[in-house]
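The values are calculated or read from the model by the stated rules, or taken from the named source; none is laboratory data. Remember, predicted model here, so these are calculated numbers, not experimental data. Please note: Cβ atoms are built from the backbone with ideal geometry, for glycine as well, and neighbour counts cover all protein chains shown. Side chains are part of the model used for accessible areas, which takes the heavy atoms of the whole protein and leaves out ligands, DNA and RNA. Shrake-Rupley method; radii C 1.70, N 1.55, O 1.52, S 1.80 Å.
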Amino acid sequence: MAAERVPTIAITGSASGIGAATRARLERAGAQVIGVDVAKGQEVHADLSSAEGRRYAVAAVLRRSGGALDGLVASAGLGMDGADAAAVVSVNYFGVRDVLVGLRDALAANGSSRALVLSSIAVAIYPDIAPQLVDACLKGEESSARELGTACGSDMAYAASKLAIARWARRAAVTGDWIGAGIRLNVLSPGITDTPMPARALQDDGRAAQLGALPIPIGRMALPDEQAAWAEFLIGEGGGFACGGFYSVDGGTEAALRGEDWPTPCQAQPQNDLYRLATTGDSP
Ligand code: NAD
């Protein structure tokens, strides 16, 4: 009988929190994990805040994987804890996008693979996310996005970079380069999860008050392993029909604050193929 192939999965941010919990789950399930982190102790030691660090990370993962990956979980991120706003933009948007793009061919190599981006509950509940910052990210303008991030402050930089990367991933997911190449790309949006990230935010009185005021109907923060379970599912066989999805796992926070806003019915737009199909039966 042929030996079962061991899947190879790259995880950024694998040294801590959700990334580390995902690593533990995947290794228990028998995967070979290539961890990437600015913290030491993972297979690839790289700083995803710079283009050079991202190029190094991609090259090192390609070397270790032999150019073929079964999965990628992009969990590395800086949080709403007073981190430098420009670095927040670079790590949370460009650090995720460039690693995904740089490893796309490796994800396409086996004909069927999965990629997961970690966004955040912040995209649904942070007020008035700066559209110029989201646009600068999506246009790939890193230096102006960093300047806008600095002008807006690190909390806004966090929310905007997490919104931009979710949009980028959902746009890419349905294209020939991604699903057309057999890569299922999805977005996980955690609510407050008990990792060093909110622990750092809680050290600041203002941020602690904001976090304390957030409704969490389940009555507690998520455990990192509860997010990792979703990550494992979405990059595993169970998530086989998921493509371009945005999955909120937040203990009810978003439903408590925005329950009436989603699902949103499609606006009637006569130029919209779906509208024509629904009203006339014509094929698009
Ligand atoms: P964490 O701080 O425990 O882990 C983040 C990891 O990213 C760390 O290992 C860190 O070293 C790494 N990292 C940071 N900057 C890096 C850089 N420049 N280059 C390479 N690696 C870098 O945080 P976490 O809670 O596990 O968060 C994981 C992901 O989930 C993040 O993207 C975060 O924004 C998102 N998220 C977390 C929460 C939460 O409440 N914990 C909520 C929503 C979204």
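Averaged over its residues, region 7-114 has an accessible area of 36 Å² per residue, based on protein heavy atoms and a 1.4 Å probe. Taking every alpha-carbon pair under 8 Å whose residues sit at least 6 apart, region 38-80 reaches a relative contact order of 21 percent. Residues of region 78-100 falling in the label zone of residue 135, defined by backbone nitrogen less than 20 Å from a point 7 Å along Cα to beta-carbon, are 89-90, 93-94. Over the C-alpha atoms of region 109-227, the Rg to Rh ratio, Rh being the Kirkwood estimate, stands at 1.02.
As a test of reading the structure, rank 230, 262 by solvent-accessible area (1.4 Å probe, protein chains only), most first. Intermediate values should be presented prior to the final figure.
Working: 230 100, 262 170 Å².
Descending accessible area places them as 262, 230.
Contact order, relative form, for the chain: 19 percent (alpha carbon pairs under 8 Å, 6 or more residues apart, mean separation divided by residue count). Rounded to the nearest 20, the Cβ-based charge dipole of region 107-253 about its Cα centre (Lys and Arg +1, Asp and Glu -1) stands at 300 debye.
If you roll a 1.4 angstrom probe over the protein chains with everything in place, what fraction of the accessible area of region 205-273 belongs to carbon and sulfur, to the nearest %? For region 205-273, the apolar C and S fraction of the accessible surface comes to 58 percent. Considering the dipole of region 180-259 built from charges on the beta carbon (Lys and Arg +1, Asp and Glu -1) around the Cα centre, which of 247, 259, 218 is farthest to its positive end? The Cα lying farthest towards the positive end belongs to 259. A simple packing score, the average count of other Cβ atoms within 10 Å per residue, orders the peptides 249-256, 207-214, 49-56 as 249-256, 49-56, 207-214, with the highest score first.
Phi-derived couplings, Karplus 6.51 cos²θ - 1.76 cosθ + 1.60 at θ = phi - 60°, listed residue by residue for region 72-77: 9, 10, 9, 9, 4, x Hz, with x used for Gly and Pro. In the complete set of protein chains, residue-level accessible area for residue 274 is approximately 110 Å², probe 1.4 angstrom. Couplings 3J(HN,Hα) of region 88-103, computed from phi: 4, 4, 5, 6, 6, 9, 5, x, 7, 4, 5, 5, 4, 5, x, 9 Hz, in residue order, whole Hz [Karplus 6.51 cos²θ - 1.76 cosθ + 1.60, θ = phi - 60°; x for Gly and Pro]. Its convex hull of Cα atoms gives region 25-144 a direction-averaged projected area, equal to a quarter of the hull surface, of 8.6 nm².
Note on residue 177 and residue 204: the model spin-label points, each 7 Å out from Cα along the C-beta direction, lie 3.4 nm apart. Spin-label model, residue 39/residue 52: points 7 Å from Cα along the beta carbon direction are separated by 2.5 nm. Relative to the current alpha-carbon distance between residue 68 and residue 268, full extension at 0.36 nm per residue lengthens the span by 67.6 nm.
Based on alpha-carbon atoms, the Kirkwood radius and the radius of gyration of region 1-80 give Rg/Rh equal to 1.00. Peptides 142-150, 176-184 ranked from most to least packed by the mean count of surrounding Cβ atoms within 10 Å: 142-150, 176-184.
Rounded to the nearest 0.05, what FRET efficiency is calculated for residue 243 and residue 211 with R0 set to 41 Å and r the Cβ-Cβ distance?
The calculated FRET efficiency here is 0.80.
Take the alpha carbon gyration tensor of the chain, find the square roots of its eigenvalues, order them as a ≥ b ≥ c, and report rounded if a/c is under 1.5; if not, report prolate when a/b exceeds b/c, else oblate. It is rounded, given that a/c, with a ≥ b ≥ c, falls under 1.5. Counting only heavy atoms of the protein chains and using a 1.4 Å probe, residue 225 has close to 60 Å² of accessible surface. Computed 3J(HN,Hα) for region 104-120, one whole-Hz value per residue from the Karplus formula 6.51 cos²θ - 1.76 cosθ + 1.60 where θ = phi - 60°, is 4, 5, 5, 5, 7, 4, 8, x, 7, 7, 9, 9, 9, 9, 8, 9, 6, glycine and proline marked x.
Taking amide H as placed 1.01 Å from N in the peptide plane, the amide H of residue 76 sits under 5 Å from that of 12, 13, each at least 5 places away or on another chain. Magnitude of the charge dipole for region 37-119, about its Cα centre and with charges confined to Cβ atoms of Lys, Arg (+1) and Asp, Glu (-1), is about 260 debye. Apolar share of the accessible surface for region 1-158: 50 percent from carbon plus sulfur atoms, 1.4 Å probe. In this simple spin-label approximation, residue 258 and residue 147 carry label points 7 Å from Cα along the Cα→Cβ vector, and these lie 3.0 nm apart. Taking every protein chain into account, the accessible area of region 140-284 amounts to 55 square angstrom per residue (probe 1.4 Å).
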